[in-house]
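Peer 1: Got a structure here, written out as structure tokens. Questions coming.
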There are 2 protein chains.
Amino acid sequence: MGGDFGPRSIVQASLACLSATPSLHLTLVGQPSLLEELIHGQSAADRARLTIVAASEVITMDEKPAQALRGKPDSSMRVALERVRDGKAQACVSAGNTGALMALSRFVLKTLPGIDRPAMVAAIPTQKGFCQLLDLGANVDCTAEHLLQFAVMGSVAAQTLGIHRPRVALLNIGTEDIKGNQQVKLAATLLQAARGINYIGFIEGDGLYRGEADVVVCDGFVGNILLKSSEGLATMIAARIEALFKKNFASRVVGALALPLMKRLQADLAPARHNGASFLGLQGIVVKSHGSAGVQGFQSAIQRALIEIQENLPGRLHGRLEDLLS
Amino acid sequence: MGGDFGPRSIVQASLACLSATPSLHLTLVGQPSLLEELIHGQSAADRARLTIVAASEVITMDEKPAQALRGKPDSSMRVALERVRDGKAQACVSAGNTGALMALSRFVLKTLPGIDRPAMVAAIPTQKGFCQLLDLGANVDCTAEHLLQFAVMGSVAAQTLGIHRPRVALLNIGTEDIKGNQQVKLAATLLQAARGINYIGFIEGDGLYRGEADVVVCDGFVGNILLKSSEGLATMIAARIEALFKKNFASRVVGALALPLMKRLQADLAPARHNGASFLGLQGIVVKSHGSAGVQGFQSAIQRALIEIQENLPGRLHGRLEDLLS
């Protein structure tokens with residue numbers, strides 16, 4: 001029921017995913033009459049693998065996490081998470097209120113042993129491919145131990161995406177040992193001592209985009225600001241390019257030719273809007289789609305959940321944590 | 001003597017500025033024989049307004065601030081700052097080691113009354129013009145009081161650049177009151193109570209690039225990472241655009257037509273590389289040019305110093321601080 005556009009694009013994305021993946025079963029959680037109506041309007045050859053589960057309440061985009069947690073026992077978000085907890089679903093995908101989703105996920109699913117706080121991770125495009133950036137805003141104040149836990153989780157997540165020995169770096173304002181705040185310096189010491197993590201040291205903001213690491217670790221304040229400012233900058237560049245190409249006839253011609261290229265670039269550059277962000281460290285799979293994601297964005301989020309199910313991400317994470325933090 | 005390219009481009013930039021500004025007098029501080037040689041190779045109609053002052057030592061780009069402070073009493077950086085302190089120069093412009101320049105500036109020039117720590121500010125391009133972002137890395141851990149001081153300094157700096165009633169915002173991971181870490185929340189309370197500051201509330205990373213504020217305040221860790229990741233992203237986008245345009249004949253034609261537009265865009269998008277960053281809160285004017293700035297970058301830095309002299313930035317800041325913090 002969440003997201004800036006409500007359930008319409010979610011239903012469309014669900015039907016598209018069902019067509020693309022014959023083994024997929026989806027459950028839509030929300031107000032049945034509304035969902036039925038939306039499905040009715042769509043061509044739905046794969047209706048048989050689509051179930052509707054009723055939930056009478058909806059958490060709004062500006063609701064406070066505490067309110068969502070206490071005030072709405074029958075919200076679509078909570079009911080969906082409870083199905084994961086009860087083994088009726090293998091993953092929960094939502095485009096709703098991020099803070100509420102995180103609070104409810106922790107409450108309903110609980111964290112894995114050894115994890116204090118779940119983190120939010122997304123793939124950021126780089127000059128060489130992608131890097132997994134975490135935390136993206138779930139944890140505002142972090143200790144060095146939290147950063148270590150994020151590094152472990154990010155490393156395992158990157159492995160499930162096919163990267164053999166992920167290069168893990170700590171985001172900092174310089175690459176020398178003396179640079180940074182206390183948490184970052186202490187986290188570096190912890191990571192150097194951690195077994196089985198390919199820790200490559202500090203990385204700066206430009207190094208991230210040069211593709212120098214597969215996993216970049218920071219606290220949620222910094223990660224969120226990096227992500228949102230990158231989205232803002234990419235949007236600004238796209239707008240400027242469009243404006244430049246509208247100036248005169250010659251540049252309009254150039255612009256028309258370049259437009260499809262630009263659109264693809266722009267999509268690549270708003271990562272969290274186009275791919276899902278995963279919650280890591282929970283006893284279950286939760287993928288957050290951007291609130292303003294369209295049909296394609298929500299499809300990517302379902303896709304990411306599918307990979308995490310196939311790769312058994314929480315199980316692998318649990319094993320890795322036992323190994324490392326014992 | 002600093003910067004990634006050494007004094008060559010600094011000398012060139014100096015001669016270009018002398019030609020452009022007939023009232024300007026410049027002093028080059030460094031190894032006289034080397035500087036004489038570099039000037040000798042250049043057309044220099046305005047030599048009369050160029051003085052060389054000897055300094056026997058050079059602070060390297062990777063030297064630690066403490067080392068620069070204690071170990072090199074006759075460094076070009078220190079001698080230049082001492083000339084500002086002694087009234088022999090009205091501003092110091094350097095492309096050298098940032099940490100060393102900050103430490104030496106504090107030691108030689110001292111901070112203004114009411115300022116604990118100087119901050120580093122630069123103009124960042126936005127969809128609507130520019131915004132002044134501070135701190136950019138001089139202060140890694142900041143209290144709410146420091147953020148308040150940055151807001152005051154940024155506001156006055158924006159005024160000297162011609163903005164009548166600068167909109168001042170605090171960088172945060174959301175715009176609601178409950179968002180953010182303790183320092184940011186407390187700083188918001190302080191700013192709401194501060195007289196004479198046009199405080200508009202929290203701003204997110206994307207709001208910054210949308211041009212929603214004239215001054216954006218954050219701690220140096222966050223500011224530095226925002227700045228460097230923006231530079232990295234802009235470079236990546238430029239590289240991708242170039243690659244797209246090289247794919248086939250049609251796109252090569254498009255690329256050739258679009259190239260000048262792209263170059264200008266790219267320059268706009270590496271702000272600190274192309275404009276100078278000012279140190280605010282000192283009893284004197286210090287402008288830092290990016291280490292890898294070319295001739296044009298260093299010219300912009302000299303230009304920024306000229307504006308700050310004309311507008312008497314430290315004097316205005318001093319008056320404003322007395323007014324506000326008394």
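Peer 1: Can you name every residue in the range A:168-187 that is closer than 25 Å to B:Leu233 by Cα and of a type in the set (A, V, I, L, M)?
Peer 2: If the condition is that a residue be closer than 25 Å to B:Leu233 by Cα and of a type in the set (A, V, I, L, M), then A:Val168, A:Ala169, A:Leu170, A:Leu171, A:Ile173, A:Val184 are the ones that fit.
Peer 1: Restricted to the range B:216-247, and to residues that are outside any loop (DSSP other than H, G, I, E, B) and surrounded by fewer than 22 Cβ atoms within 10 Å (Cβ to Cβ), which residue is nearest to the chain's Cα centre (by Cα)? It would help to see each step written out before you state the result.
Peer 2: Filtering the range B:216-247 down to residues outside any loop (DSSP other than H, G, I, E, B) leaves B:216-217, B:220-245.
Checking the rest, the ones that are also surrounded by fewer than 22 Cβ atoms within 10 Å (Cβ to Cβ) come to B:231, B:235, B:238-240, B:242-244.
On the way: B:Glu231: 15, B:Thr235: 20, B:Ala238: 23, B:Ala239: 26, B:Arg240: 28, B:Glu242: 29, B:Ala243: 32, B:Leu244: 33 Å.
Filtering the range B:216-247 for residues that are outside any loop (DSSP other than H, G, I, E, B) and surrounded by fewer than 22 Cβ atoms within 10 Å (Cβ to Cβ), the one nearest to the chain's Cα centre (by Cα) comes out as B:Glu231.
Peer 1: Restricting attention to the range B:79-106, which residues are more than 19 Å from the chain's Cα centre (by Cα) and of a type outside the set (Gly, Ala, Ser)?
Peer 2: Residues satisfying the conditions are B:Val79, B:Glu82, B:Arg83, B:Arg85, B:Asp86, B:Lys88.
Peer 1: Do you know which of the residues in the range A:137-165 that are crowded, with 22+ Cβ neighbours inside 10 Å and more than 18 Å from the chain's Cα centre (by Cα) is modelled with the lowest pLDDT? First the steps, then the outcome.
Peer 2: Let us first name the residues in the range A:137-165 that are crowded, with 22+ Cβ neighbours inside 10 Å, namely A:137-139, A:142, A:147-158.
Add one more test, that the residue is more than 18 Å from the chain's Cα centre (by Cα), and what stays is A:142, A:148.
Numbers: A:Cys142: 91, A:Leu148: 95.
Among those residues, the one meeting the criterion is A:Cys142.
Peer 1: Which residues, counting only those in the range B:313-326, are in contact (Cβ under 8 Å) with a residue 60 or more places away in the chain and either over 29 Å from B:Glu231 (Cα atoms) or in contact with a Gly (Cβ under 9 Å, 6 or more places away or on another chain) (or both)? Can you show your working first?
Peer 2: If we filter the range B:313-326 for residues that are in contact (Cβ under 8 Å) with a residue 60 or more places away in the chain, which is where we start, we get B:313-314, B:316-318, B:320-325.
Hits for the range B:313-326 are B:Pro314, B:Arg316, B:Leu317, B:His318, B:Arg320, B:Leu321, B:Glu322, B:Asp323, B:Leu324, B:Leu325.
Peer 1: Of all residues in the range B:135-166, which are within 21 Å of B:His290 (Cβ to Cβ) and within 14 Å of chain A (Cβ to nearest Cβ)?
Peer 2: Across the range B:135-166, the qualifying residues are B:Asp135, B:Leu136, B:Gly137, B:Ala138, B:Asn139, B:Val140.
Peer 1: Taking strands (runs of 3 or more DSSP E) that fall entirely within the range A:103-214, which contain at least 3 residues that are in the same structural domain as A:Lys72 (by TED's automatic domain parsing) and β-branched (Val, Ile, Thr)?
Peer 2: Working: elements: A:119-126, A:129-134, A:168-171, A:199-203.
Of the strands (runs of 3 or more DSSP E) lying wholly inside the range A:103-214, none has at least 3 residues that are in the same structural domain as A:Lys72 (by TED's automatic domain parsing) and β-branched (Val, Ile, Thr).
Peer 1: Here is a further query. Write out, first by first residue and then by second, each pair whose Cβ atoms fall under 6 Å of each other, whose residues are 6+ apart or on separate chains, and whose first residue, in the range A:12-37, is under 13 Å from A:Ala48 (Cα atoms) while the second is among the polar types (S, T, N, Q) and part of a helix (DSSP H, G or I).
Peer 2: Cβ pairs passing all conditions: A:Leu26/A:Ser14.
Peer 1: For A:Ser9, state whether it is under 16 Å from A:Ile302 (Cβ atoms), away from chain B (no Cβ under 14 Å), more than 20 Å from the chain's Cα centre (by Cα) and in contact (Cβ under 8 Å) with a residue 12 or more places away in the chain.
Peer 2: Values: under 16 Å from A:Ile302 (Cβ atoms): yes; away from chain B (no Cβ under 14 Å): yes; more than 20 Å from the chain's Cα centre (by Cα): no; in contact (Cβ under 8 Å) with a residue 12 or more places away in the chain: yes.
Taking the combined requirement at face value, the residue does not satisfy it.
Peer 1: Every residue in the range A:218-237 that is β-branched (Val, Ile, Thr), in contact with a helix residue (DSSP H, G or I) (Cβ under 6 Å, 6 or more places away or on another chain) and over 21 Å from A:Gly99 (Cβ atoms), please.
Peer 2: Across the range A:218-237, the qualifying residue is only A:Ile237.
Peer 1: Sticking with this one: In the range A:150-168, is there at least one residue being farther than 23 Å from A:Asn312 by Cα and polar (S, T, N, Q)? If you could, list the steps in order and put the result at the bottom.
Peer 2: Of all residues in the range A:150-168, those farther than 23 Å from A:Asn312 by Cα come to none.
No, there is no match, as no residue in the range A:150-168 is farther than 23 Å from A:Asn312 by Cα and polar (S, T, N, Q).
Peer 1: Only residues that are surrounded by 24 or more Cβ atoms within 10 Å (Cβ to Cβ) and in contact with a Leu (Cβ under 6 Å, 6 or more places away or on another chain): list them for the range B:95-121, please.
Peer 2: Passing the criteria: B:Leu104, B:Ser105, B:Pro118, B:Ala119, B:Met120, B:Val121.
Peer 1: Are any of the residues in the range B:120-132 under 17 Å from B:Asn312 (Cα atoms) and more than 14 Å from every other protein chain (Cβ to nearest Cβ)?
Peer 2: Step one: list which residues in the range B:120-132 are under 17 Å from B:Asn312 (Cα atoms), which gives B:121.
Pick out the ones that are also more than 14 Å from every other protein chain (Cβ to nearest Cβ) and you get B:121.
Yes.
Peer 1: Please find, within the range A:282-326, the residue that is modelled with the lowest pLDDT out of those that are of a type in the set (S, T, N, Q) and in a helix (DSSP H, G or I).
Peer 2: Initial filter on the range A:282-326 (of a type in the set (S, T, N, Q)): A:283, A:289, A:292, A:296, A:299-300, A:303, A:310, A:312, A:326.
Right, trim to in a helix (DSSP H, G or I) and you get A:296, A:299-300, A:303, A:310.
Numbers: A:Gln296: 84, A:Gln299: 91, A:Ser300: 90, A:Gln303: 92, A:Gln310: 94.
Looking at the filtered set, the residue picked out is A:Gln296.
Peer 1: From the list A:Ala213, A:Ala169, A:Ala187, which residue is in contact (Cβ under 8 Å) with a residue 60 or more places away in the chain, within 14 Å of another protein chain (Cβ to nearest Cβ), crowded, with 23+ Cβ neighbours inside 10 Å and not β-branched (Val, Ile, Thr)? So that I can check it myself, show each step before the final result.
Peer 2: Values: A:Ala169 fails: in contact (Cβ under 8 Å) with a residue 60 or more places away in the chain; A:Ala187 fails: in contact (Cβ under 8 Å) with a residue 60 or more places away in the chain.
None of the other options fit; the residue is A:Ala213.
Peer 1: Another question, if that's okay. Could you list, in sequence order, all residues of the range B:166-207 that are over 24 Å from B:Asp141 (Cβ atoms) and either under 22 Å from the mean Cα position of the chain (by Cα) or at pLDDT 95 or above (or both)?
Peer 2: Passing the criteria: B:Pro166, B:Arg167, B:Asn198, B:Ile200, B:Asp206, B:Gly207.
Peer 1: Same structure again: Would the range B:73-96 turn up any residue that is over 30 Å from A:Ala238 (Cα atoms), among the β-branched types (Val, Ile, Thr) and at pLDDT below 95? Don't jump to the end; show me each part of the working.
Peer 2: Of the range B:73-96, the ones over 30 Å from A:Ala238 (Cα atoms) are B:73-96.
Now drop any that are not among the β-branched types (Val, Ile, Thr), which leaves B:79, B:84, B:93.
Still in the list and also at pLDDT below 95: none.
For the range B:73-96, residues over 30 Å from A:Ala238 (Cα atoms), among the β-branched types (Val, Ile, Thr) and at pLDDT below 95: absent.
Peer 1: I've got another one for you. Does B:Gly315 satisfy the condition of being of a type in the set (Gly, Ala, Ser), within 24 Å of B:Val152 (Cβ to Cβ) and out of contact with any helix residue (DSSP H, G or I) (no Cβ under 8 Å at 6 or more places or on another chain)? Spell out the reasoning first.
Peer 2: Details: of a type in the set (Gly, Ala, Ser): yes; within 24 Å of B:Val152 (Cβ to Cβ): yes; out of contact with any helix residue (DSSP H, G or I) (no Cβ under 8 Å at 6 or more places or on another chain): yes.
When the stated conditions are applied, B:Gly315 passes them.
Peer 1: May I pose another question? Among the residues of the range B:97-114, is there at least one that is within 14 Å of chain A (Cβ to nearest Cβ) and within 17 Å of B:Leu208 (Cα to Cα)?
Peer 2: Just the residues of the range B:97-114 that are within 14 Å of chain A (Cβ to nearest Cβ), to begin with: B:97-100, B:102-103.
Add one more test, that the residue is within 17 Å of B:Leu208 (Cα to Cα), and what stays is none.
No; the residues of the range B:97-114 include none that is within 14 Å of chain A (Cβ to nearest Cβ) and within 17 Å of B:Leu208 (Cα to Cα).
Peer 1: Hey, does the range B:221-242 have a residue that's modelled with pLDDT of 95 or more, at positive phi and either in the same structural domain as B:Gln127 (by TED's automatic domain parsing) or of a type in the set (A, V, I, L, M) (or both)?
Peer 2: Scanning the range B:221-242, I find no residue that is modelled with pLDDT of 95 or more, at positive phi and either in the same structural domain as B:Gln127 (by TED's automatic domain parsing) or of a type in the set (A, V, I, L, M) (or both), so the answer is no.
The values are calculated or read from the model by the stated rules, or taken from the named source; none is laboratory data. As the structure is a prediction and not an experimental result, all values here were calculated from the model. Glycine also receives a Cβ, built like all others from the backbone with ideal geometry; neighbour counts cover every protein chain displayed.
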